[in-house]
Amino acid sequence: MTRRRALPFLAIVFAIAAITTEGQSPRNASYDIDVRLDHGARTLTGRETIRWRNISTRPTSELQFHLYWNAWRNADSTWLRERKMSRNYTAPLPDGWGSMDVTSVQLRELSGSMRDLTSAIRFIAPDAAPHEGNTTDRTVMAVPLDRSVAPNETIELELAWNAKIPRPVSRTGYIGDFYFIAQWFPKLGVLEDTGWNTHQFHSPTEFYADFGVYDVRITVPTRFIVGATGRQTARTDNGDGSTTHRYQQEDVHDFAWTASPEYIDLTRTFTHPPLPPVEMRLLLQPEHRGQADRYFSATEAALKRYGEWFGAYPYGHATVVDPAFQSQADGMEYPTFFTGRARLFPSGSRQTPEMTVAHEAGHQWWYGMVATNEFEHAWMDEGINTYATARVLDEAFPGNRWELRFFGGHIPWSFPDIPFSRLDNDRIAGYRDNAEADVPATPTFRYWPSSAAIMSYNKTALWLHTLERHLGWPVMQRILSTFFERWTFKHPQPADFFQIVNEVSGQDLTWFFDQVYRSSNTFDYGVQDLLSERQDDGTYRTTVIARRYGEATFPVDVVTTFADGHQITETWNGLDRRAIYVYERSSRASHVQIDPRRVLLLDTAYTNNSRTLEPRGGAASLGWAARWMVWLQDLMVTYAFFV
Amino acid sequence: MRFLSEGWTRVRSAPALLLGVYAVTFVLALPLAITMRGLLQTHLGSSLAADTVAAGVNYDWWQEFSSQSTGIGTTFTPAIIGFAATLDNLNSLIDRQRKIAPVAGAVALYLAAWTFLTGGILDRYARQRPTGTAGFFAACGVHFFRLLRLTVISGLAYAWLFAYVFPWLFLEWFVERTRTMAVERDVFLVRLALYLVFGTLLVIVNVIVDYTKIRIVVEDRRSALGALVAAMRFVWRRRGRVAGLYALNGLLFLIVIGIWAVIDPGVYGGITLWLTFLAGQLYLLARLALKLQFLASETALFQES
């Protein structure tokens, strides 16, 4: 083994050792839950015991809980108010609402007796404008205590609740016999040194919670197959037509489950030494039985590459769910448990299920283990993961192609001539259209709802990819593996990530984060002019005017190529509005390019980054206009049906 | 089968008609294609991107162009490539997708041109002998306003189908019946069934309108309404033959687009681009020949009944 090969190998071995021995989570919010699904009534009845340790530096005399399903209790919840601002909003149907009612909250006294706090329950909306005074939102429940919980003190609570399961909405609910149950139990917020961090449920955000040990017993009709976070440790036939499935998992911050009698239950083991093996369980819809290999290979691709690049997956098992059609449960992540997306008629394109599965598997690292606050900094999970997924897909599934779907989205048509590139997986197209939509440093819950994803996913993936091209992949890989290693199970903040970037790269990149994170300015460099004039002495005077059209700045190369093949590269800091370069050479200029290696992927208009002395658009535009004309003629002939 | 064959004989005996309607299709599409070329050329300017765009697909440039486009530029999507164009346009028709004004205008002009030419075409197929250019356009002129009135009537029928029946079927009934379905196969089958139902309604109107046109021209009827009633009577009395012939012609249509799907020339640059353009034009020629085949075979059936 060469030294070059030995280093990554040793890094993986150390990473595994670190995670599986010392790197465990604080386990300060542990849940012991019994839940029963009433299939006929579409309800859940649950009881939970929470053991919570105050790991902040401040005492608290109040507890705050998320009751996420109350986002669909009425049309005035913060979630639905925000959703209405989005395009394509459709109100829930009359039978589509969901809700959660806590019927009992009890605190175990030091004496061991239980103190009933139920009557003290109140609902709060911690996030200010534009939802200040939204007293109708019931997604955050506050429970005052009559005493203070000191730092490092542990308390035990018992809660009981009833919940009405919604029709599919935001990755939860039921359709037919299919259930996907997420964010389904009263769940503590996070007490930080600055106080409780318990946002009401917002349309563009996901979640934030402390780590703990989950021991969950799910009772469902016996014919149902159940999948969940963690490992199944017991299965008890209750003799009344119901079966209780027990799942346990340590060091996670959430728990979700699914139940359906239709699942095909498949398992396979991922092995790629020295990474630890992972038992993969796939719960597949019967109509997608031919796509099992695609699900497994995408999961393996993520486990292998994320494991090699950032750190090993420590849990030893993962459950992948192929959700039912129209369940809205596709493409979502929970600890050790995530959903893919498949279609009845798959195409040659690898967008489904591969892209979705690899992405959701990748969340296990950022959302699952690093566990940033997705209410406030969704980019730290979604953006980093989108960037990393694009890299995985580029390596694991080269030759991916674009597809379009017709006739209600059922019939695919893929384009062998249009590669689905890494840039497409970085989601560059959506970014171009919304580049200025928000300042990424804005807390996620304050993003404009319809453009929130662009900031969290697209822009972040593109600036991380830009950073990769600026610093090189080895440095970028070390940045992310350091970030993962140092912050696993610790809820890092954006500053922690930026600090690691600066530390590992050995550069102060604050200027870059000022551009891409603390500003909504856009990047656009272009060639304003290229002149190459013959002088009296037979030489050519070539003038290049490079222009910064956007407000954001980034250093770029300006490369001028001459007719004799000679190239001159200038490094422009990109700060001024223009940079003018004049060359006296024996050869005429051929063309000039700004950023020819395309380091700055955030440039919203790359076409203007190059210029030739003679326009070249003629042949290209003629060819594509001809193709477009065939489409138009076809349209005319098709509509001639009417006459 | 006899009328199918007879129709094809009539189509083959008048190649000028086919070339004529093809020329109309080409000429009416050309102005917008020139406009599109201008948009593409302006966007590419002197950029080096033009080289890769000319050689094949530069999808990064394509997406940048799309994000900056308005008007007909917004129709420049991958759906224009090869067989995807056929899928896109059939989907557009059956799923009632709106088109932007310039494209809708070009289509409206094209339909108007067909309304004008139909009189001459049917007259030529009915006579089964060359009518000459003057005779052809004279027949076009004689029947134009009658056929225009028919187009208004049939337009109302189609408008009713698309404005009332379509939303009831696809936006209400379909949504209501499928919203609780958890299996895509089931939803797809329901949609397919609705396409069949809606497609059948469209075909019924289409068949009646076709025979109305034939009666107007062959029987020199001045009243579009009278011809319509007579056509309905004809279609009802000979429903088996009428439906059989339409189904055979429909099968030919499926064969033609099936062949096009297999051939799907893809994207090439240079000389191959023009070969693929030529292939596209040949496919359109086949589609237009089929359109004429419908009219010719139906004329043959009417004349022999």
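With each label modelled as a point 7 angstrom along the Cα→C-beta vector, the A:Arg469-B:Phe162 pair spans 4.4 nm. Each of A:Leu145, A:Leu188 was scored by other Cβ atoms within 10 Å of its Cβ. Arranged with the fewest first, they read A:Leu145, A:Leu188. Neighbour counts of other Cβ atoms within 10 Å put A:His491, A:His566 in the fewest-to-most order A:His566, A:His491. For the segment A:410-423, counting C-beta atoms of other chains within 10 Å of every residue's C-beta and taking the mean gives 5.
In terms of the Cα gyration tensor, with a ≥ b ≥ c the square roots of its eigenvalues, is the stretch A:274-313 rounded because a/c is under 1.5, prolate because a/b exceeds b/c, or oblate? Prolate shape, in that a/c is at least 1.5 and a/b is the bigger ratio. Bridges between two residues of the protein assembly as shown, per DSSP, are antiparallel at a rate of about 90%. Normalised Debye scattering of the stretch A:421-473 at q = 0.18, 0.21, 0.28 Å⁻¹ gives log10 I(q)/I(0) of -0.56, -0.72, -1.06, counting only Cα atoms as equal scatterers and leaving out solvent. Size descriptors for the stretch A:438-497 (Cα atoms only): Rg and Dmax, in that order, 13.3, 36 Å. Treating only the Cα positions of the stretch B:113-264 as identical point scatterers, give the base-10 log of I(q)/I(0) from the Debye formula at each q in 0.11, 0.18 Å⁻¹. One equal scatterer on each Cα of the stretch B:113-264 leads to -0.59, -1.15. Over the stretch B:188-305, the fraction of Cα-Cα pairs per 5 Å bin, rounded to whole percents and listed from the shortest bin up, is 2, 10, 16, 17, 15, 13, 10, 8, 5, 3, 1, 0.
In terms of the Cα gyration tensor, with a ≥ b ≥ c the square roots of its eigenvalues, is the stretch A:28-210 rounded because a/c is under 1.5, prolate because a/b exceeds b/c, or oblate?
Details: a/c = 2.19, a/b = 1.41, b/c = 1.56.
It is oblate, given that a/c is not under 1.5 and a/b is not larger than b/c.
In this rough spin-label picture, where each label sits 7 Å from Cα along the Cβ direction, the A:Leu93-A:Lys164 distance is 1.6 nm.
Once the C-beta distance of A:Gln24 and B:Val190 is scaled by a Förster radius of 41 Å, the resulting FRET efficiency is 0.20 to the nearest 0.05.
Taking the longest Cα principal axis of chain B as reference, the axis of helix B:83-94 is set at about 50 degrees.
Can you quote the Å³ per residue value for the convex hull of the Cα atoms in the stretch A:525-612, rounded to an integer?
That works out to 77 Å³ per residue.
Averaging the sequence gap over all C-alpha pairs within less than 8 Å and six or more residues apart, then dividing by the number of residues, gives the stretch A:514-643 a relative contact order of 27 percent. Using a Förster radius of 25 Å, what is the FRET efficiency between A:Glu395 and A:Arg486 based on their Cβ-Cβ separation? Nearest 0.05, please. Between A:Glu395 and A:Arg486 the formula returns 0.50. Of the residues A:Leu600, B:Leu282, the one with the fewest other Cβ atoms within 10 Å heads the list, and the complete ranking is B:Leu282, A:Leu600. Using C-alpha pairs under 8 Å with a sequence gap of at least 6, the mean separation divided by the residue count of chain B gives a relative contact order of 32 percent.
Taken along the Cα-to-beta-carbon direction at a fixed 7 Å, the label points for A:Asp508 and A:Glu192 span 2.6 nm. Taking the longest Cα principal axis of chain A as reference, the axis of helix A:292-309 is set at about 80 degrees.
Rounded to whole Å and ordered largest first, report the semi-axes of the equivalent ellipsoid of the protein assembly as shown derived from its Cα gyration tensor (root of 5λ).
That gives 57, 40, 23 Å for the three semi-axes.
Stokes-Einstein D for the stretch B:154-236 at 37 °C, 0.692 mPa s, Kirkwood Rh over Cα pairs, in µm²/s? Kindly include the intermediate steps, with their values, before the conclusion.
Numbers: Rh = 14.6 Å.
Stokes-Einstein gives a translational diffusion coefficient of 225 µm²/s.
Computed log10 I(q)/I(0) for the stretch B:2-304 at 0.13, 0.16 Å⁻¹: -1.09, -1.43, from the Debye equation with unit scatterers placed on every C-alpha and solvent omitted. Sequence-distant contacts, meaning Cα pairs under 8 Å at least 6 residues apart, place the relative contact order of chain A at 10 percent.
No value in this document is a laboratory result; all are computed from the given coordinates. These numbers come from a predicted model, not from an experiment. Virtual Cβ from ideal backbone geometry, glycine too; neighbours counted across all protein chains shown.
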